[in-house]
Amino acid sequence: MIMCTKMPVVVWLAAVTACVAQAVGPNGAAETPPQSVAQAMAIATELAGATGLTGQAELSAQADCVAAMQAAWIVPSLAAFGNATPAGANWLRSGLERAADRLGDALPAAELTAFVADVAQPPRARSLAFAWLKARAPLQADALLAAMLDDPSLDLRREAVEKLLESAAGDGAGAQAGTAAEKEIYRRGLAAARDVDQLEQIAGWLTDHGEPTDIAVVLGFVRNWRVSAAFDNAKGVGFARAYPAEIEHAATPVPEGWKAVASTDKHGTIDLNAAIATEKGVLAYAVAAVEMPRGGLAEVRVGSPCAVAVWVNGKRVMTHEIYHASEAIDQYVATADFRAGNNVVLVKCCQNEQTEAWASDWKFQLRICDPLGKPLATQMPATQK
Amino acid sequence: MARLRDTTPLATRRLPNAVCTAGIAVLLTVLTVAVFEAAAPAADWPEFRGGLGLGVAPDETIRQQWTATEGIAWRADLPGKSASSPIVVGDLVVVTASSGAKQDLLHILALEKATGRMRWHRTFWATGRTLCHPTSAVAAGTPASDGRRIVAMFSSCDLLAVDLDGRLLWQRNLAVEHPRSGNDVGMGSSPRIIDDTVIVQIDCQGDAFALGVDVATGADRWSEPREKVASWSSPLAIRLPDRGACVLFQNPNGLELRQVADGKLVWSWRGECAGIPMATALAATLYVPADGIAALAAAGVPISPAWRSAKLSCGIASPIAWDDSIACINRAGVLVVGSIADGAIRGQVRLAGSFWASPILVGKTIVACNKEGKTFLVAVDGEPKIVAENELPGTFTATPAVADGSVYLRSDTALWKVAAP
């Protein structure tokens, strides 16, 4: 059980016990709503902390309690998302959503507005509150977006960027398209956006209007690598096999004899078929030196249609033994500990022996970002010592 | 809907080609009984391909002609993307969808069957992977209902059960429990509810498994590992008198038949099967999309292959069988009808476009909706013949549903109810 930290133990325990006892009737249906904001918050906190596979009937009854909350207790209960488990977030959402549906316009817009504007609140909770506000008071919701270009909620930031670009379209349609003011709006959007589709849209617009914008740079792909020769991966045996190169060069930026490869692809792709040869049942290593502005945790984000493993400074941080089941930017994400300054990233990219044309790709892309997707790494080209 | 009963001794001829010699020859065990019965339907059109999952509604009669402005009872806008079919439960039509930049907001919606008005709309956050191919969707699996509950499965491996008022009853975040489950093409298998057990098929290159879950509580009844290979096929309910309810799982490398109650393996077959369309069953015979259709019949012990026809080829869409016939839509968009006795071709008709939705049989008419929004009505009481082509705007990848004489067609943006005649 998770307990609300601002609540006395006795209140919390009594609230949860009372809710479960009252809520579970013969049909498992809710019977009595919470009697105080303290009870309401206790139940919300309990729900948000739900784990495990047992006790789902009790959780469902607690969600009924949440669904029966008074309007004034809904917004305070949103804070419980801050400690939510994946399952708990959905339990709490299900109850609150039913409460919001029941309350309709009685849900207090002023409190919702204040909650959405408070960046210290859980991002998902703010996003949910924003959706409720937008449905009830669209102008109030809209007015919040101007201050959300740097928001820690990716959902809200996306809405803010969208709103910003709409203002450019309004100002610069037709003969005014591409004015200095409009370009400035797009530059602001480029700095604020984190979603790949928005960034590509903005970079494309700027390029089309006389400001060439390299999306590979915007997205921060690591583009300069040293690539090994091919190693055996017949029947997939190589994925789990630690070849000497893997052991020796996981922390070595420039292995002797490895081929320098620089991606010119807009998505930073390193094409191993082109770099080595078109082969099946093989694997290769690629190593890059990256410069980080500060030490600490950062996200390694990889896309590949092939099986991949990644090491950062000699420590393995990611393995995905999946072959030719789609690919995407940021397909695989792992958190790794980086040093301030120089770091070494090693990728093992494995090709299988499928013969279909769509299974011929042997490639990967990689970038290093903060949790919101802002690129962090810069690079001394691996071709330079 | 009538239960399917065995009335015919099963054929014992050997399959004529590689599928029978290589595939059927490696049957690992045998069925111990000769009679198939399908489970009774619990609602009007309660799951993927309707009651029993067979895609047939022989007692229904539907309108022959409709357009976006004529013959439509109502149209409802939908809040997100989906390839899942609508289901009909009592006075509700239930659909699923996903939305958001990462398609990680999951939707279950219940509309009033009579009016199309939203009765309730629940949303949940995905807890697993939500990447998928543009032609698929995070909401690709069709929900299932036992008439009291609705169970929805998403590509994120979130299995969610709500009651008919939209109360969340239980949830299973299977990608949290099995972090290597799922795939980035998108999972497409639909859940089944058989004898109060929810059956889920998670076929992927990571953690692949089959799961039987108590529909009332969400608790495991059993879990069995499966081969680590991707498939998008859905389980098929089959009832054997001395085994009780069983469920057939299909992947590109073969079949498994398991008892619903405990997951115990009853029978398996190693051989080439399709990875997307599911098998169907009729009169003690399984019709399996393979390289064509492989008919597998059980005449007690041992099980015997019946026939195979490469001409009865399924593309994405699943086959349907009725009376003495079976029909498939191949990748070229040709509807081919054959005999269930031996696979002999009885006729074919070229439709148009690509087919992601499976055809259904309504009365003696096949309803086949192509991706481009054209629904073909093909009379099959004789030589197959197109009797109507009805076009709606949008992209259609969801298999139609039918109930009370109305057809429900789901596009990428809307749900259409075609009025009863």
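For the reader, a short list of remarks on this structure follows.
- Listed by chain and number, the aspartates and glutamates whose C-alpha is less than 20 Å from the C-alpha of residue B:264, apart from same-chain residues fewer than 8 away, are B:37, B:195, B:196, B:203, B:207, B:214, B:220, B:224, B:227, B:242, B:256.
- About its Cα centre, the dipole of chain B is roughly 460 debye, where the only charges are +1 on Lys and Arg Cβ and -1 on Asp and Glu Cβ.
- Inter-chain Cβ neighbour average for residues A:76-89, partner chain, 10 Å: 2
- Note on chain A: GNM, Cα springs under 10 Å; of A:103, A:47, A:219, the largest mean-square fluctuation is that of A:103.
- Positive-pole candidate from A:366, A:274, A:306, dipole of the stretch A:224-369, charges at beta carbon: A:366
- Cα-based helix-to-principal-axis angle, A:123-136 vs chain A, degrees rounded to 10: 60 degrees
- Estimated 222 nm signal from helices in the protein assembly as shown, with DSSP H stretches of n ≥ 4 weighted -39500 (n - 2.57), rounded to 500: -6000 deg cm²/dmol
- Reach of residue B:228 by Cα under 16 Å, taken over lysines that are not fewer than 8 positions away in the same chain: A:235
- Equivalent ellipsoid, the protein assembly as shown (semi-axes from 5 times Cα gyration tensor eigenvalues, Å): 43, 36, 27
- Remark on residue A:373: its backbone amide H falls under 5 Å from none of the residues 5 or more positions apart or on other chains, H modelled at 1.01 Å from N.
- Averaging the sequence gap over all C-alpha pairs within less than 8 Å and six or more residues apart, then dividing by the number of residues, gives chain B a relative contact order of 19 percent.
- Working ranking of peptides A:209-217, B:372-380, A:360-368 by packing, defined as the average number of other Cβ atoms within 10 Å per residue, highest first, is A:360-368, B:372-380, A:209-217.
- The magnitude of the dipole of chain A, with charges of +1 and -1 set on the Cβ of Lys/Arg and Asp/Glu and taken from the Cα centre, is near 840 debye.
- Residue pairs exceeding 23 angstrom between C-alpha atoms, taken from A:134/B:371; A:163/A:266; B:81/B:311; A:315/A:348; B:374/B:417; A:363/B:81: A:134/B:371; A:163/A:266; B:81/B:311; A:363/B:81.
- Three-way shape label, the stretch B:18-418, alpha-carbon gyration tensor, a/c 1.5: oblate
- Cβ neighbours within 10 Å from other chains - mean over A:95-105: 2
- Under 19 Å from residue A:280, Cα to Cα: aspartates and glutamates that are on another chain or at least 8 residues apart: A:232, A:271, A:321, A:327, A:353, A:356, A:361
- Anisotropy class assigned to the stretch A:224-369 is prolate, per the alpha carbon gyration tensor with a/c at or over the 1.5 cut-off and a/b larger than b/c.
- Dipole of the stretch A:224-369, positive end: most advanced residue of A:237, A:336, A:324 [Cβ charges, Cα centre]: A:336
- Each residue in A:53, B:236 was given a count of other beta-carbon atoms within 10 angstrom of its own, and listing them fewest first yields A:53, B:236.
- Contact order normalised by residue count of chain A, Cα under 8 Å, 6+ apart, percent: 12 percent
- Relative contact order, whole percent, for the stretch B:113-208 stands at 28, derived from Cα pairs under 8 Å and 6 or more residues apart.
- Neighbour-limited loop hits for trypsin sites (Lys or Arg not before Pro), the stretch A:32-121 (at most 16 other Cβ within 10 Å; DSSP other than H, G, I, E, B): none
- GNM flexibility winner over chain B from B:397, B:130, B:217 (Cα, springs under 10 Å): B:217
- 10 Å Cβ neighbours from other chains, averaged over peptide A:155-164: 1
- Sequence ranges A:233-239, A:349-355, ranked by mean other-Cβ count within 10 angstrom, highest first: A:349-355, A:233-239
- Magnitude of the charge dipole, the protein assembly as shown, Cβ model with Lys/Arg +1 and Asp/Glu -1, debye to 20: 820 debye
- Positive end of the dipole of the protein assembly as shown (Cβ unit charges, origin at the Cα centre): among B:312, B:93, A:378, the Cα lying farthest that way belongs to B:312.
- The peptide list B:219-226, B:355-362, put in order of mean Cβ contacts within 10 Å with the highest first, becomes B:355-362, B:219-226.
- Taking the longest Cα principal axis of chain A as reference, the axis of helix A:56-67 is set at about 60 degrees.
Bear in mind that the values in this text are calculations on the coordinates, not laboratory data. Note that this is a predicted model, so its numbers are computed, not measured. In this analysis, Cβ positions are derived from the backbone assuming ideal geometry, glycine residues included, and neighbour counts consider all displayed protein chains.
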